[in-house]
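Comments concern the structure below.
No lab work stands behind these numbers, since they all come straight from the coordinates. As the structure is a computational prediction, the values presented were derived from the model and not from experiment. Because the Cβ atoms are built from the backbone with ideal geometry, glycine has one as well, and the counts that use them run over all protein chains shown.
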Amino acid sequence: LVASHPGFVRFVLERLLDPEPTEPQLQVFFDLLAELIKFNPPLMTTVQDALLDSSLAGGAASDLFISRLLDHPVDASILVQCIALTLAPEASPLRGMRALASLGLAPPEPVAAAAAGMTPKLSALRRHGPLADAARGSLAQVVTRRRVELARALVAAASDGDLSVETMCVINAAILFFLLADLDGRGERGGDGRCGRVSLLDAVCEASGVGASAGEVHGGARREGEALSLGGKEASEDVPALSEEARSLLEGFGRLLRFWGEVYHSHSCERRFLEFSSGVPFPRWLALVAALREDIRHRLSGGGGGDPTSRAAAAAPADSTAPRNQCVGGEECECALGPKFGRMGICVE
């Protein structure tokens with residue numbers, strides 16, 4: 001109803017395309033747009049079509065909007081999450097599939113599969129219809145085709161700043177890319193069955209600078225012969241030492257994931273809010289973060305991505321009732337976070 005108000009979508013886009021936006025104008029309107037289009041493919045298409053209007057930003061609205069999104073990853077982090085989840089409703093069984101059903105966009109079979117805890121097959125919806133239309137738009141293409149660049153930018157932005165409410169939003173957006181890559185890697189969205197999560201992590205490292213002997217990464221998928229052993233003792237010769245920049249990025253990401261664990265283990269209400277906002281069951285978030293932390297530890301120790309068949313699978317639900325003195329992955333710590341958070345799933349007690 002809000003988006004259908006005449007001129008409202010254009011008003012939001014004009015605020016985001018303002019030549020000199022004031023603080024916190026970009027964050028406010030990116031967040032507003034995110035909530036409007038989340039789990040609503042037809043409205044996402046409407047927004048993307050509006051960016052092609054020649055009367056908006058002198059006909060350069062689409063390019064300018066994409067530039068704003070890429071240049072302000074912190075402000076746009078929630079919008080990036082919402083675009084990604086809307087394009088992958090099967091990753092959000094608690095909300096994505098239900099939204100498609102309520103809009104009359106999904107047949108009963110995949111909706112029933114999601115309700116039963118299974119991953120629905122949406123190949124037909126991806127070929128034609130509102131979901132396919134939304135996926136062809138400029139914003140959708142940026143989020144799907146530039147996932148390595150976006151994942152790296154989100155991790156770097158969060159690592160460079162102070163741990164804050166905005167940091168948590170950015171961390172969650174970065175984690176979501178790995179969650180979707182893991183889904184790809186298990187073949188549930190047309191992937192090759194190998195662990196896409198590890199492939200994305202290796203691609204992010206490569207984008208951060210590794211030697212010329214690095215294993216080739218094409219479209220986020222490593223070749224089968226490039227898999228490495230879990231222990232790192234039989235690492236392939238084509239896996240180089242990390243560059244200083246890549247090592248720093250991974251170390252920062254590892255610290256962010258530990259902080260993520262402290263926050264969500266300490267506040268049960270925030271676990272519920274994260275689950276509600278994304279529609280992704282919290283045990284899946286928890287297992288994905290645990291797997292990512294192990295991936296990072298292994299890569300920093302000198303190994304590559306590892307053999308996904310011998311690694312902890314992010315698909316396996318983890319216990320979301322872990323003790324307060326344990327971080328994600330079971331590492332002992334002394335978490336003592338105060339009630340100092342307030343946006344997108346952080347406590348304001």
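Between E23 and E245, the distance separating the two model label sites (each 7 Å from Cα on the Cα→Cβ line) works out to 2.7 nm.
Label-to-label distance for A60 and L32 is 2.5 nm, based on points extended 7 Å past Cα in the beta-carbon direction. Computed packing ranks the peptides 129-140, 70-81 as 70-81, 129-140, most packed first, by mean other Cβ atoms within 10 Å. If R0 equals 22 Å, the separation of the Cβ atoms of R127 and L52 corresponds to a calculated FRET efficiency of about 0.45.
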